[in-house]
Every structure is written in C-alpha cells, then in structure tokens.
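The values are calculated or read from the model by the stated rules, or taken from the named source; none is laboratory data. Note that the coordinates shown come from a computational prediction; the quantities given were computed from them, not determined experimentally. Cβ sites come from the backbone with ideal geometry, for glycine too, and all protein chains shown count toward neighbours. All accessible areas refer to the heavy atoms of the entire protein, side chains included, with ligands and DNA or RNA removed. Shrake-Rupley method; radii C 1.70, N 1.55, O 1.52, S 1.80 Å.
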Amino acid sequence: MTAAVVLDVEGTTSATSHVYTELFPYARSRIAEWVSRHGHEPQTRAVLDEVGRRCARSAEWDDRAAIRTLIAWADEDAKIAPLKTLQGLIWRQGYDRGELSGHIYADTLLALRSWLDRGTSIYLYSSGSVQAQRDLFAHTQFGDLRDRLSGYFDTTSAGGKHCPDSYRTIARSVGAVEGQVLFASDCVKELDSARSAGLRTARVKRPEETPRAASTQGTYAHALYRNLIAVAEAKPG
C-alpha cells in the first residue's frame, strides 16, 4: 500500500535545464538589487541576518558582504537555506510580473492524476524553498497544479536531502509509516537516505536528463523508471 508519494523536483517532476537556464540566472542577477530595495522588509532582513550568523567574522560585516556571499553561493549552486529563501522571493516577483514560468514534464501531470485517482497523497521535497515549490507549480505550462499537492518540504522544514532523519520527519508529518511512503528522485544519494529511513524508493532516470554528478552509484538497488507515469503505474513490489 502506498499512502503517500514524495517527489523530488529538479530532474524528477521538472526539467533541470529550466532551473539552470531560467530560474537560477534570473535570481542571481537580481540579488544585489533585491537587497537594496527590500533589505528593510522582514523576510529579506531575516535572510541577511542568517547569512551574517553563518559567515560574519568581524564587526565590519554589512549587507554588501552578505550580497557577495549570496552571489558566491549562487555561483556554487549551494543548497543553503538563506540563499534558497531569497531565490524564492525573487522568483515570486518574476512569476507575478509574467517574466518567469514554471515547468513540469507532461508525464508528471499524468502521474499526479493517477496517484490522486487511487487516493494517494502527493508531496514535494526539494532543496528549493517551500514558497519556490508552490510558485513553480502555480505557474506551469498546464496551469496551476497546487490543488494536486497535499504539502511541501524543504531543507528548513524537513532537513537535508542526504540525511535519513529528514525522510523520517516527512513520514511522520504525512501521518504514514515509512514503508507506506514512496520517494521518487533522480539522485541516488537522496534515494539511499530515504531507503535507510525505511521509505520505498523509485529512481527516475529520464533519457532527456544528464545524471547528477556522483549520483550514479549508491548503497542500495533502486527500481529504475524512465519517467513518473511509469512509477505511478508500477505495481508495488
């Protein structure tokens, strides 16, 4: 029995190329301007304060130093919570202005329908912020798909994606025992962590996606699928 499905986003529900050629550059190029215009607002101020707590080494630390750090993190594709929060804030404005769009693969839409028809709850788990996940699924090429989803998890609400305890936290949050939760991702490290926590796993290896670095070898054997509709239609093993 599958009570809940938890889906990775980048490379699993959505194209990695969309994230790296549209979303990331859009946010990176606007970090300095955003801080200048919104640095006094509570959400942005909280981001800057968190960067300072993590990185400040002297009393001379200021917003300019925080900006430099955020841009450096963006260039490294760092999975760090304050960067992810700021990216989400910038992207929201881009969606509202019509300058950005979300993306999911067509088979993702079919898989969501299949799981919902069977009464399976669907959740997202991404290093991108919960707000960024909501906004992406609100602006897909198929329209607003948020009503298909029961909830969202990120590294702030659940923990790091390579930590087994994060998946235990998710299972408790969705009200299911670990063995009734299926986690689907293209990243073997994430899948190994989920399996260590007792979740069932499905590795999505899309032919149009390049495997993530260091994501091809792992501890466990994970059932392999070409896309999400194949995962949804597979008989539980």
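What to note about this one:
- Condition met for ASP62 (within 26 Å of TYR105 (Cβ to Cβ) and out of contact with any Leu (no Cβ under 7 Å at 6 or more places or on another chain)): no
- Options VAL47, VAL19, VAL35, VAL6: the member that is more than 21 Å from LYS161 (Cβ to Cβ), open to solvent by less than 30 Å² (accessible area, probe 1.4 Å) and of a type in the set (A, V, I, L, M, F, W, C): VAL35
- Single residue of the stretch 50-78 satisfying the filter (open to solvent by 70 Å² or more (accessible area, probe 1.4 Å) and assigned to a helix (DSSP H, G or I)) that is farthest from SER126 (Cα to Cα): ARG64
- Filter result (part of a loop (DSSP other than H, G, I, E, B) and either crowded, with 19+ Cβ neighbours inside 10 Å or touching a helix residue (DSSP H, G or I) at 6+ places or on another chain (Cβ under 9 Å) (or both)) within the stretch 93-113: GLU99, LEU100, SER101, GLY102, HIS103, ILE104, TYR105
- Test: ARG28 is surrounded by 13 or more Cβ atoms within 10 Å (Cβ to Cβ) and on the phi < 0 side of the Ramachandran plot: yes
- Scanning the stretch 114-125 for residues that are more than 15 Å from the chain's Cα centre (by Cα) and within 25 Å of GLY159 (Cα to Cα), we see that the one that is least open to solvent (accessible area, probe 1.4 Å) is THR120.
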